[in-house]
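A short worksheet on the structure shown next.
The values are calculated or read from the model by the stated rules, or taken from the named source; none is laboratory data. Source: prediction; values computed, not measured. Glycine gets a Cβ as well: all are built from the backbone with ideal geometry, and neighbour counts include every protein chain shown.
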Amino acid sequence: MSPLAPADAGTDELREAFEHGRVCALAAQGQRDLQRCMAEHPDLLGAGPFDAALASSIALAMAFSAPWCDATELRLTNRFVLWGFALDWQVDHEIRSIGELDMLVRRQLAVADGAPAEPDDPLGRFLAELRAELAAVPAFATLSGEWRDAAERTLVAMRREWRWRAAGSDAGRPGLDEYLANADNLGCTVVNVAHWIRNGGPAAHTRLGPLVAASDAVQRALRLVNDLGTYERDRRWGDLNALMLVTDRSVVERELAARMRQAMALVDELRPQHPREAAYLTRQLGHTSGFYRFTDFWGVA
C-alpha cells in the first residue's frame, strides 16, 4: 500500500502529521549526511560535542526552516552550520592565546578568499570544501563578495567576544547593546547567505542586501533566545551570555521581545517580493525559539 499523499489524507490532523513526517524524513537524510561529514573530518569533528544528536539537531533545524527544499538542496546549508559549530568550538575551547586566535581568523579569511587551507588546519580544509561547492553555483560569481563579507563578520565577531571573555572583569565586558551588535558571532547570517546563493532565485540574488539586513535582525533576536536557554551551560563553561551583562533577567526578556518585533517587521516588509525567503527566516526564528526552551545543540556537560 502506497503512503498517503497530503491531498488524500482526509483530515487536517492527518495532513499535518503527514507533513511533519515528511519534514522529519528530510531531516533524517540530512543527519546521515552530516554524520558522514563528521567521519570524513575526524581530526576536527570526531570528538567532544560532535555527536549524532548534534547532527540531528542541525538537520532538523534546517529541514523545518526550509521544508520546501530537498536533501540535496539542504546538504550544503547543513554542512555550513556544522562548520559554524566547529569554528565556535575552536574559538571557545581550543584557542589559548590571542596569537592563536589571530592565526585562526587569518587562515579562515584566506580560505574564504579562495586560498587553499594550510596542511595543519582541519577547520580551514573543511571550509575550503564548502567554499568550493558554493563556488560551483552560478550565482556565486556575482555574490561571492556578500558571502565573504558575512564570513569575515562572523570571524571578527568571534574574535571580539573572545577578547571580552579574556578581559575577565566587568569593566572589560560590553553593555547589552554592544553585545547584540556583535551577534554575528552566532553564525546565522553567514549560513543564510550561503543558503540563498545555493537555493535562492533571481529575485533573492538581485536583492540580497535587504535579505541580509533582515537576517541580521533575526540573528540578534536569536542571540538572546540562545542566551536565555543556555545560561547555566555558559556559566559552567565560562562563556559570555547576555544574562551576565544585566542584573535582572526580565531586562533580557524585554529586549528579546523588542528584537523579535523588529526582526519580524523587516521580514514582513520582504514577504510580498520574497515570500520563500521571508518564510525561511520566520520559521528559523520560530523553530530555534521553541528548541531552546527545552534543550541545547551542544550535548556535553
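Return yes when residue 276 is among the basic types (Lys, Arg) and closer than 30 Å to residue 168 by Cβ and no when it is not.
no
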Given the residues 146, 133, which is the only one that is acidic (Asp, Glu), outside any loop (DSSP other than H, G, I, E, B) and either farther than 24 Å from residue 285 by Cβ or more than 19 Å from the chain's Cα centre (by Cα) (or both)?
133
Out of everything in region 228-243 that is touching a residue at least 60 places away in the same chain (Cβ under 8 Å) and assigned to a helix (DSSP H, G or I), what residue ends up being surrounded by the fewest Cβ atoms within 10 Å (Cβ to Cβ)?
236
Within region 209-227, of all residues that are charged (D, E, K, R) and free of Cβ contacts under 8 Å to residues at least 40 places away in the same chain, the one nearest to residue 191 (Cα to Cα) is 216
Only one of these conditions is not met by residue 91: (1) surrounded by fewer than 18 Cβ atoms within 10 Å (Cβ to Cβ); (2) in a helix (DSSP H, G or I); (3) not aromatic (Phe, Trp, Tyr). Which number is it?
(1)
State which residue pairs qualify: first residue modelled with pLDDT of 95 or more and inside region 28-42, second residue basic (Lys, Arg) and part of a helix (DSSP H, G or I) in any location, beta carbons under 6 Å apart, and separation of 6 or more residues or different chains.
33/75; 37/79
Please determine, by comparing only the residues of region 260-301 that are β-branched (Val, Ile, Thr) and within 16 Å of residue 212 (Cα to Cα), which one is nearest to the chain's Cα centre (by Cα).
282
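Conditions tested, residue by residue: (1) at pLDDT 95 or above; (2) surrounded by 14 or more Cβ atoms within 10 Å (Cβ to Cβ); (3) closer than 19 Å to residue 67 by Cα; (4) among the charged types (D, E, K, R).
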| residue | (1), (2), (3), (4) |
| --- | --- |
| 222 | yes, yes, no, no |
| 256 | yes, yes, no, no |
| 273 | yes, no, no, no |
| 278 | yes, yes, yes, no |
| 284 | yes, yes, yes, no |
| 288 | no, yes, yes, no |
Taking region 94-130 and keeping only residues that are over 16 Å from residue 157 (Cα atoms) and in a loop (DSSP other than H, G, I, E, B), one is left with 96, 97, 113, 114, 115, 116, 117, 118, 119, 120, 121
Given the residues 187, 168, 175, which is the only one that is over 28 Å from residue 74 (Cα atoms) and either touching a residue at least 60 places away in the same chain (Cβ under 8 Å) or in contact with a Cys (Cβ under 7 Å, 6 or more places away or on another chain) (or both)?
175
If you scan region 244-301, which residues turn out to be touching an Asp or Glu at 6+ places or on another chain (Cβ under 8 Å) and in a loop (DSSP other than H, G, I, E, B)?
299
